[in-house]
Every structure is written in structure tokens, then in C-alpha cells.
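Following: one structure in C-alpha cells, then a few remarks.
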Amino acid sequence: MKRLFSFVAALGTVLVASAQLTSISIEPVLVHDGQTEGLEALDGYTTYHIYALLTNELDFVSSVFGDAARPMALQTTGDIFQSTAGTNYGSSISELFLLSFPDLAYDSWFTIDATFAGDGIGTIQNAFG
């Protein structure tokens, strides 16, 4: 009976710990006109934040992935701005770099719960198989 209770308790924990994505929210943060930031290279771009909305406020995203059969892709009908000093992940960028590269604040990158290095819950890992 003790083993059955342990199995049921473990299964209940797994089921309770599972989160479900309900939708994706894409919110415009700033429409660049080349004047506001003093960066003409951003003229015509819009900065967006993309959020995963989950079933419960205590749920969280811990990974986003793709593989050869189901590749992860971000598609757009326009261009995506990339700073020459940018990287693929916000966790690789220190806010101190913004002093020398102001357009870095508008670089495109992937992150989970972080804007710059040290902001979030951890460093994003990149794995290839």
C-alpha cells in the first residue's frame, strides 16, 4: 500500500506541475521613427514583446525548443532588426554595452523572463544534436 500511495502522490505532483499554453500575446512596445532614439537605423521598425499566456499565474515557461521534425521558427512579413553588437540571447548582453552601442537596446533576441544578463531566472542554453 505504501508504494501505491507514493506512486499516486508522484503522479499527482506531475499532473499538478504541468502547465498549458493557452495563447501567445504579441504587444507593440515602441514604433520607431528614427527621431525618438536618435537612431536612424531603426526608422520604420517596431519593437514587440511576445508573451506565452498560461493556464495558471503560477505556471512558467522553462524551455522552448524545436527539432529536425518540428523546427522552431519565428516568421514575419518584414525585416527583423539586428544590432551589429547583438547576440541571439538577451542573457548574453550586459546593460553596460548600451553606452557604446545604443542600438543594442533594440536588438532582436530570445529570452525567458529576462531582458539583459542578470535580469531573469537563468541563462538560456542552446543545444544542438
Can you tell me which of (1) over 18 Å from the mean Cα position of the chain (by Cα); (2) at pLDDT below 85 is the one A69 doesn't meet? (2)
Residue under question is F97, and the condition is that it be surrounded by 15 or more Cβ atoms within 10 Å (Cβ to Cβ), of a type in the set (F, W, Y) and at pLDDT 85 or above; does it hold? yes
Under 23 Å from T22 (Cβ atoms) and within 15 Å of the chain's Cα centre (by Cα), is that true of L58? no
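Take the residues in the range 32-66 that are of a type in the set (A, V, I, L, M) and surrounded by 12 or more Cβ atoms within 10 Å (Cβ to Cβ), then tell me which one is farthest from D103 (Cα to Cα).
Within the range 32-66, the match that is farthest from D103 (Cα to Cα) is L54.
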Conditions: (1) closer than 20 Å to I26 by Cα; (2) at pLDDT 85 or above. Y51 meets all but one. Number of the miss? (2)
Residues satisfying the stated conditions in the range 76-94, i.e. out of contact with any strand residue (DSSP E or B) (no Cβ under 8 Å at 6 or more places or on another chain), closer than 21 Å to I50 by Cβ and either open to solvent by 50 Å² or more (accessible area, probe 1.4 Å) or in contact (Cβ under 8 Å) with a residue 60 or more places away in the chain (or both): T76, T77, D79, I80, Q82, S92
Taking first residues from the range 31-46 that are touching a residue at least 24 places away in the same chain (Cβ under 8 Å) and second residues anywhere that are hydrophobic (A, V, I, L, M, F, W, C), the pairs with Cβ under 6 Å that are 6 or more apart or on different chains are H32/L42; Y45/F81
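The values are calculated or read from the model by the stated rules, or taken from the named source; none is laboratory data. All values derive from a computational prediction rather than experimental measurement. For neighbour counting, all protein chains shown are included, and Cβ atoms are generated from backbone atoms with ideal geometry for every residue, glycine included. Just the protein is used for accessible areas: all its heavy atoms, side chains included, with ligands, DNA and RNA removed. Shrake-Rupley method; radii C 1.70, N 1.55, O 1.52, S 1.80 Å.
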